[in-house]
Structures are given as C-alpha cells and as structure tokens.
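The values are calculated or read from the model by the stated rules, or taken from the named source; none is laboratory data. Everything quoted here is computed from the prediction, not taken from an experiment. Methodologically, a virtual Cβ is constructed for each residue, glycine included, from the backbone with ideal geometry; neighbour enumeration extends over all protein chains shown. What goes into the accessible areas is simple: the full protein's heavy atoms, side chains included, and nothing from ligands, DNA or RNA. Shrake-Rupley method; radii C 1.70, N 1.55, O 1.52, S 1.80 Å.
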Amino acid sequence: MSRVIFIGKTGSGKTTLCQKLNELEIKYKKTQSVEIYDNSIDTPGEYLENRNLYSALIVTAADADIIALVYDSTEDEGYFAPGFASMFCKDVIGIITKINKVSKNRIEIAEDRIKQAGVSRIFKVDTLDDVGVEELSNYLKAF
Ligand SMILES: Nc1nc2c(ncn2[C@@H]2O[C@H](COP(=O)(O)OP(=O)(O)O)[C@@H](O)[C@H]2O)c(=O)[nH]1
Ligand SMILES: [Mg+2]
C-alpha cells in the first residue's frame, strides 16, 4: 500500500480518515504535530492555515506517495488556492468529507473548488457513516 499524506484545515476530518484507513478506533484527538501511521501521514491544520508553514508541508510530503487535500463540505471558506496541488510534484487527490451532512449543492461547490486546486481525482466520503471510504481505500491500495 502506498503512503498518503492528508492536508486540510483543522476539523476537516484528516485524523478520522487516518484512523479509518488504518483500521484504528475512531476517537477524537487534536493533532498537534505530524503523526505517522502505517500507511498515512497526518498533519496539523495549522500547516495549511498559515502560509509560513507551507514549506513544512512540502518537506513532510516528501515521505508520501500520494497527497490528499481534505476538504470539509460543511465549511464555507475554501483554503486551497487555485493551483495549490502544483506545489507537490506527486499525484494529488481531493477528498471531500462529511457529505452526509450537506446538500448536493454544497458538495458541488466543494468539488469545484478542489478541482481548481489541481487535483487528479476527487473522492466524496462520509467517514463516520462509512460512505465512499472503500473506494478511496482501494485506490490507495492499488496506487
Ligand atoms: N459527519 C461527519 N463527521 C466527520 C467526518 N470526518 C470527521 N468528522 C468529525 O469532524 C471532527 C473533526 O475531525 P478530525 O478528524 O479530528 O479533523 P482534523 O482536524 O482534520 O484531523 C470530529 O468530530 C469528527 O468526528 C465525516 O466524514 N462525517
Ligand atoms: Mg487532526
């Protein structure tokens, strides 16, 4: 299995995805630093929210095979600037989370924004409800 790094705002669902994909108990824990799991790398939301920390993201991403931009469909503000994905010279995918909590329209807005960031593929999941996670997991396993 390839190693994926999750990048996204605080609260977007990165840690929950790590726990789910690594078959761990799902429990809330604030991510204070980079955390390495068997097949995933979890990052604190601050790395994305603070531009001065972009270099930390790039260095941390060097250890991953795939970059996943995690986008919370319940949030109004998009944090990924157009072309954000080109910072990394690797496959960059987009993951839209919490899709069971929002209307179709909001998911489309999220898709639009994350497409502009330059992702190669988009996965739509609700990790807590176990929607779309298998498809994502299969993609990562086959990569
Ligand atoms: N309904 C729903 N809640 C989610 C989902 N993913 C994460 N959450 C919740 O959102 C909150 C933040 O998740 P967390 O994984 O800690 O976000 P992180 O800051 O990106 O690591 C937690 O209360 C999770 O239970 C999802 O797909 N659906
Ligand atoms: Mg976290």
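When the residues of the stretch 17-39 are filtered to those that are open to solvent by 40 Å² or more (accessible area, probe 1.4 Å) and not in a loop (DSSP other than H, G, I, E, B), the one that is farthest from Leu140 (Cα to Cα) is Glu35. A single entry from Lys104, Lys90 fulfils the requirement of being more than 17 Å from Tyr54 (Cα to Cα) and open to solvent by 60 Å² or more (accessible area, probe 1.4 Å): Lys104.
No other residue among Ser33, Ser55, Ser73, Ser40 is within 15 Å of ligand 1 (Cβ to nearest atom) and free of Cβ contacts under 8 Å to residues at least 12 places away in the same chain apart from Ser33.
The set of residues in the stretch 44-86 being in contact with a helix residue (DSSP H, G or I) (Cβ under 8 Å, 6 or more places away or on another chain), part of a helix (DSSP H, G or I) and closer than 24 Å to Ser137 by Cα consists of Leu48, Leu57, Ile58, Thr60.
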